[in-house]
Amino acid sequence: MSEVKMTLERDVILPLQEPELYERYKVSLPNGILFYGPPGCGKTFIARKLADHMDFYFVEIKPSDLASIYVHGGQKLIGSMFDAAEKNSPSILFVDELDALVPSREGDDVGHHYRAEVNEFLVQLNECSKKDILVIGATNFITNIDRAVQRPGRMDKKIFIGPPDFEARNELLHIFLKDRPLGKIDWIKLAEETEIYTCAEIEELANEAARIALATRRNIETQDIIEAKRVVAPSLTAEEVERMRCPLH
């Protein structure tokens, strides 16, 4: 996933490693990053690895963690979330399913409490970079997120996390088939055969191929992976992936 790695290296990692250079060009860390794309493609995994690489404190939040039965309770929990990230800064605050936390306020079906929580999130999001907090949001549905969240100065960078490319599929197959009884494997053919498969689906392909080989107590072969495709089909088409990459606003 070289394009994703290159973007994170240029916009997040290098500004921390070479602050004087970036200061000379008046280029700063993004205030927030939005990972968007199909489910099962590694958005959470990438956020965690980025925090490890940068040696940042990592806070992972789901909308259900912020649910409250009390009026304005959600707002207080959002404030507490940012307070914890600031107290442990430098930190990465990762918000999964961001569209559920800050849905678009343009429709009539968004309740008052949701509007209040979106407003609170916007207030907290402003100038996070000055507090050494990098906010990363993840969503499968970028068009469902309130537009005010996506404007410059808030979620500055939008990075599409799609199905793994050829090199990544090759590596994933090696990872998921590692330490299993293997026969002759044509890795290049399998990487070509698994186009549009997500990381999670490639893992399930490996598991299904292992079941097929286990049934006759033999080593896993290339054909077992191809046979497993009859059971584990990709959840998306190439056209659907492209629509998710370039959504209409």
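The numbers here are math on the coordinates, done by the rules we state, and not lab data. Keep in mind the model is a prediction, meaning the values are calculated, not measured. Because the Cβ atoms are built from the backbone with ideal geometry, glycine has one as well, and the counts that use them run over all protein chains shown.
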(message) Mean-square fluctuation check for the chain, GNM, Cα pairs under 10 Å: which of Phe82, Phe176, Phe56 is largest?
(response) Phe176
(request) Based on other C-beta atoms within 10 Å, arrange Tyr25, Tyr36, Tyr57 from fewest to most. (result) Tyr25, Tyr57, Tyr36
(message) Rg/Rh for the stretch 166-228 to two decimals, with Rh computed the Kirkwood way over all alpha-carbon pairs.
(response) 0.92
(request) Check every DSSP H run in the chain and write down those whose alpha carbon atoms cover 15 angstrom or more along the long axis and whose mean Kyte-Doolittle hydropathy is 0.0 or greater. (result) 166-177, 199-215
(message) Using 0.36 nm times the number of residues separating Phe141 and Met6, minus their current alpha carbon distance, what extension gain do you get?
(response) 46.2 nm
(request) Please give the direction-averaged projected area of the C-alpha convex hull for the stretch 122-249, in square nanometres with one decimal. (result) 10.2
(message) Given the -39500 (n - 2.57) contribution per DSSP H run of 4+ residues, what per-residue ellipticity at 222 nm results for the chain, rounded to the nearest 500 deg cm²/dmol?
(response) -13500 deg cm²/dmol
(request) Using DSSP to define loop residues, name the trypsin sites (Lys or Arg not before Pro) in the stretch 182-234 whose beta-carbon has at most 13 other beta-carbon atoms within 10 Å. (result) Lys184, Arg217, Arg218, Arg230
(request) Using a cut-off of 10 Å between beta-carbons, work out the net charge of the residues near Phe94 (Lys and Arg +1, Asp and Glu -1, Phe94 not included). (result) +1
(message) If you take Rg/Rh (Cα atoms, Kirkwood Rh) from the coordinates, which of [x] 1.01; [y] 0.94; [z] 1.04 do you get?
(response) [z]
